[in-house]
Amino acid sequence: MNVSEGIDQLIQTMRDDQSEDGSWRYPLESGTFTDAYMIILLRTLERDDEALIRGLQDRLIKKQEPNGAWKLFADDNTGNVTNTVEAYYALLYSGYYREDDERMKRARQFIMKSGGIQKTAFLTRIVLTLTGQYKWPSFFPFPIELILVPDFFPINLYSMSVYGRAHVVPLLLAADQKLQVKTAQSPDLSDLFASRGEEDWPEADEWERMHASIVQRVKRLIRTPQELHLLARSRAKMYMTNGIEEDGTLFSYFTSTMFMIFGLLALGHPKDDPLIDDALEGLYGFQTTIDGHPHFQFTTATVWNTALLSYALQEAGVRTDDRMIERANDYLLDRQQEGYGDWAMHNKKALPGGWGFSDVNTFQPDVDDTTAALRALARSAKENQDIFDSWNRGVRWTISMQNHDHGWSAFEKNTDSWLLAMLPIPESRGILTDPSTPDLTGRTMELLGNYTDVKDDDMILRKAVKWLEREQEKDGSFKGQWGVNYLYGTWAALTGMQASGVGRENKTTKKAIGWLKEKQNKDGGFGESCLSDRYKRYTPLDSSHLTQTAWVLDALVAMYDTPNKAMYDALHYVLDRLGDGQWPRSYPAGKGLADRIYFHYHSYEYIYPLLALAHYRKKYGDSPPAL
């Protein structure tokens with residue numbers, strides 16, 4: 001297979017798979033936790049959707065390891081205690097498995113060997129608490145009065161990222177009432193505690209001090225404590241309801257929507273309340289099918305998939321007047337956001353113009369999806385004034401989102417609070433803050449440098465280059481926030497630097513290229529494990545990965561005027577795998593929360609090989625030499 005044959009194969013697949021509305025609706029496979037949570041949620045709300053529950057339990061059972069554990073990803077050592085507790089709980093709650101079933105015995109043994117239920121992740125302990133399996137701490141990290149704290153206080157609601165707010169606000173309501181919802185079918189997980197003499201929430205003492213500090217700050221407001229408390233509950237409900245999307249979900253995330261349901265229950269809403277019905281219906285919209293089993297996505301990736309594929313197809317030579325591209329770009333134009341979301345709190349002068357990740361996200365854009373959509377629309381914008389106007393609004397919005405440190409983050413501007421990151425809350429930096437990252441910054445630089453009138457010597461790009469240089473790891477790599485991991489970050493950084501006028505002889509790019517070449521496998525490919533997040537250093541996967549190899553190939557193509565052996569080897573790997581499909585296809589290349597949420601984008605095996613091959617052919621021609 002030569003380069004053009006590989007490109008043609010991928011283009012035909014895209015023609016076959018495009019939806020009627022112009023989008024590509026490939027699944028965002030989200031591990032096992034959403035499926036486990038859906039069973040728990042349905043049983044908690046006493047919704048007897050037995051066909052769905054059986055389908056979800058079958059998928060969970062299929063994912064169980066011989067030792068009884070569930071893993072976060074394939075090479076997750078012997079298993080993951082958080083995933084195992086979630087699946088064990090869901091299977092017991094389904095009613096179709098009992099504690100004395102052999103599978104459940106093995107799962108319990110793994111949990112106890114791993115330290116018991118106390119070793120689960122923070123948000124999992126919250127789910128266990130909401131459903132009566134874990135006691136509430138004496139003091140939740142934040143009192144509900146947090147929602148009243150003025151924005152000049154170091155910790156306030158809007159010092160958090162929108163992702164953090166979307167999860168924290170419903171939990172403030174639930175924690176305020178110490179809500180626990182059990183049913184007649186609730187299993188008893190008390191035997192999963194390694195020791196009940198230990199504090200279930202080891203962070204509790206520090207949380208008490210945080211809680212007291214915020215309450216004291218709020219007391220300075222001219223209201224009685226009871227009035228302030230009632231006002232805070234009212235404001236929390238208002239924030240939640242204002243964040244409900246048209247499909248009923250809260251900010252279009254599975255977990256925030258689930259927590260919103262518990263927040264509504266804490267406010268006294270019945271289980272059959274219309275808001276809860278709508279939220280549940282919205283979650284049903286996240287359902288897809290994987291290997292014949294139902295699976296609940298964390299959200300849908302339709303805008304992201306469509307933007308990336310439209311761009312890659314155009315890079316591969318598909319014209320803008322091809323009906324496939326016209327339909328895709330019409331879909332994208334329909335989803336440009338015209339209203340103000342939470343992002344405007346820290347970016348008051350900017351006009352709307354961004355795009356969100358999901359097809360149901362209508363008021364919370366992000367920089368990554370916006371730059372992806374702008375690449376897809378760049379050619380059409382030169383041909384059509386209306387499209388140019390939309391495109392230009394998106395470019396202006398993107399530029400306005402540059403942080404004070406000169407990098408770019410995902411959702412909001414300047415929400416990287418060092419104080420929030422240091423709070424005694426597990427995963428606080430990933431959940432509560434939205435820092436500038438090398439991958440977001442690099443991809444934004446690539447857009448601005450290659451497709452807009454921002455010049456190499458413009459201070460926007462010069463300062464961004466300096467920020468990236470400061471963020472380079474000692475070994476030459478760059479860490480990725482939204483992909484796995486150092487390969488992803490280094491690809492994004494290099495392509496962004498190149499588009500900003502920084503060549504391969506620059507010491508930063510030279511070191512990054514050298515690092516990439518060192519990581520090439522004997523088969524020509526590249527593969528990085530999700531364990532890189534856990535160990536905080538590059539950790540190789542036990543085999544090469546098509547998507548990750550395509551990232552590196554694309555980075556090398558961007559940096560070299562003529563091809564070299566590392567590039568040839570990577571190219572042959574990509575073409576061979578397109579031909580035989582023999583690579584770890586289900587291994588996640590996307591990331592939501594380091595060491596906790598990983599995504600297998602079913603679209604990536606098409607997007608990034610197509611993009612890398614297209615860039616290779618455009619620069620060097622069709623056929624690689626025989627090796």
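Checking the structure you have, find out if any residue of the stretch 109-124 is under 20 Å from Phe254 (Cβ atoms), in contact with a Pro (Cβ under 8 Å, 6 or more places away or on another chain) and at pLDDT 95 or above.
Scanning the stretch 109-124, I find no residue that is under 20 Å from Phe254 (Cβ atoms), in contact with a Pro (Cβ under 8 Å, 6 or more places away or on another chain) and at pLDDT 95 or above, so the answer is no.
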Just to be sure I understand the filter: pairs with C-beta atoms under 8 Å, separated by 6 or more residues or on different chains, first member in the stretch 265-294 and of a type in the set (Phe, Trp, Tyr), second member assigned to a helix (DSSP H, G or I). Which pairs pass?
Phe286/Thr34; Phe286/Phe254
Taking the criterion of being in contact with a helix residue (DSSP H, G or I) (Cβ under 7 Å, 6 or more places away or on another chain), surrounded by 22 or more Cβ atoms within 10 Å (Cβ to Cβ) and β-branched (Val, Ile, Thr), would at least one residue in the stretch 140-147 satisfy it?
yes
Subset tally (residues that are farther than 30 Å from Val367 by Cα, at pLDDT 90 or above and assigned to a loop (DSSP other than H, G, I, E, B)) for the stretch 128-163
6
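Going through the stretch 410-428 one residue at a time, which ones are assigned to a helix (DSSP H, G or I) and either surrounded by 20 or more Cβ atoms within 10 Å (Cβ to Cβ) or acidic (Asp, Glu) (or both)? I'd like the intermediate steps shown before the answer.
From the stretch 410-428, those assigned to a helix (DSSP H, G or I) are 418-421, 428; that's our starting set.
Across the stretch 410-428, the qualifying residue is only Leu420.
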State the number of residues belonging to the stretch 289-336 that are part of a loop (DSSP other than H, G, I, E, B) and under 17 Å from the mean Cα position of the chain (by Cα).
5
Can you name the residue in the stretch 550-595 that is of a type in the set (Gly, Ala, Ser) and more than 28 Å from the chain's Cα centre (by Cα) and is also nearest to Tyr486 (Cα to Cα) among such residues?
Ala566
Quick check: anything in the stretch 369-388 closer than 17 Å to Ala307 by Cα, touching a residue at least 12 places away in the same chain (Cβ under 8 Å), assigned by TED's automatic domain parsing to the domain that holds Arg319 and among the acidic types (Asp, Glu)?
yes
Select, from Gly6, Gly79, the only residue that is surrounded by 16 or more Cβ atoms within 10 Å (Cβ to Cβ), of a type in the set (Gly, Ala, Ser) and in the same structural domain as Phe110 (by TED's automatic domain parsing).
Gly79
Every pair of residues 6+ apart whose Cβ atoms lie under 7 Å, when the first sits in the stretch 427-444 and is free of Cβ contacts under 8 Å to residues at least 12 places away in the same chain while the second is outside any loop (DSSP other than H, G, I, E, B) and surrounded by fewer than 24 Cβ atoms within 10 Å (Cβ to Cβ):
Ser428/Leu420; Ser428/Ala421; Arg429/Ala421
Quick one: would you say Ala555 is touching a residue at least 60 places away in the same chain (Cβ under 8 Å) and among the hydrophobic types (A, V, I, L, M, F, W, C)?
yes
So in the stretch 279-331, with the set limited to residues that are buried (at least 21 other Cβ atoms within 10 Å of the Cβ) and hydroxyl-bearing (Ser, Thr, Tyr), which one is farthest from Asp8 (Cα to Cα)?
Thr299
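Would you kindly identify the helices (runs of 4 or more DSSP H) lying entirely within the stretch 522-597 that contain at least 2 residues that are of a type in the set (S, T, N, Q) and surrounded by 22 or more Cβ atoms within 10 Å (Cβ to Cβ)?
Per the criteria, 546-559.
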Pairs with Cβ under 7 Å, 6+ apart, first in the stretch 114-134 and outside the structural domain of Gly79 (by TED's automatic domain parsing) and within 16 Å of Gln177 (Cβ to Cβ), second at pLDDT 95 or above and of a type in the set (Phe, Trp, Tyr)
Leu130/Phe262
Would you say Tyr620 is out of contact with any strand residue (DSSP E or B) (no Cβ under 9 Å at 6 or more places or on another chain), within 21 Å of Leu313 (Cα to Cα), crowded, with 24+ Cβ neighbours inside 10 Å and not charged (D, E, K, R)?
no
Could you identify the single residue in Lys479, Lys463, Lys507 that is under 30 Å from Ile431 (Cβ atoms) and surrounded by fewer than 17 Cβ atoms within 10 Å (Cβ to Cβ)?
Lys463
Taking the stretch 244-265 and keeping residues buried (at least 24 other Cβ atoms within 10 Å of the Cβ) and either small (Gly, Ala, Ser) or in contact with a Gly (Cβ under 9 Å, 6 or more places away or on another chain) (or both) leaves Thr249, Leu250, Phe251, Ser252, Ser256, Thr257, Met260, Gly263
Among the residues of the stretch 148-191, how many are under 27 Å from Gly115 (Cβ atoms) and polar (S, T, N, Q)?
3
In the set Ala612, Ala566, which member is outside the structural domain of Ser23 (by TED's automatic domain parsing), closer than 30 Å to Arg15 by Cβ and modelled with pLDDT of 95 or more?
Ala612
Take the stretch 52-68 and flag every residue that is in contact with a Pro (Cβ under 9 Å, 6 or more places away or on another chain) and among the small types (Gly, Ala, Ser).
Gly55
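Has the stretch 469-480 got at least one residue that is outside any loop (DSSP other than H, G, I, E, B) and free of Cβ contacts under 8 Å to residues at least 60 places away in the same chain?
Going through the stretch 469-480, the residues outside any loop (DSSP other than H, G, I, E, B) turn out to be 469-471.
From the residues that got through so far, the ones that are free of Cβ contacts under 8 Å to residues at least 60 places away in the same chain too are 469-470.
Among the residues of the stretch 469-480, at least one is outside any loop (DSSP other than H, G, I, E, B) and free of Cβ contacts under 8 Å to residues at least 60 places away in the same chain, which makes the answer yes.
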Quick one: count up the residues across the stretch 238-288 that are part of a helix (DSSP H, G or I), of a type in the set (S, T, N, Q) and under 18 Å from Arg43 (Cβ atoms).
2
Screening Arg125, Arg106 for residues that are more than 19 Å from Ser186 (Cα to Cα) and part of a helix (DSSP H, G or I) leaves only Arg106
Of all residues in the stretch 365-398, which are buried (at least 24 other Cβ atoms within 10 Å of the Cβ) and not in a helix (DSSP H, G or I)?
Pro365, Asp366
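The values are calculated or read from the model by the stated rules, or taken from the named source; none is laboratory data. Given the structure is predicted, the values throughout are model-derived calculations rather than measurements. Quick reminder, even Gly has a Cβ in these numbers, built from the backbone with ideal geometry, and neighbours come from all protein chains shown.
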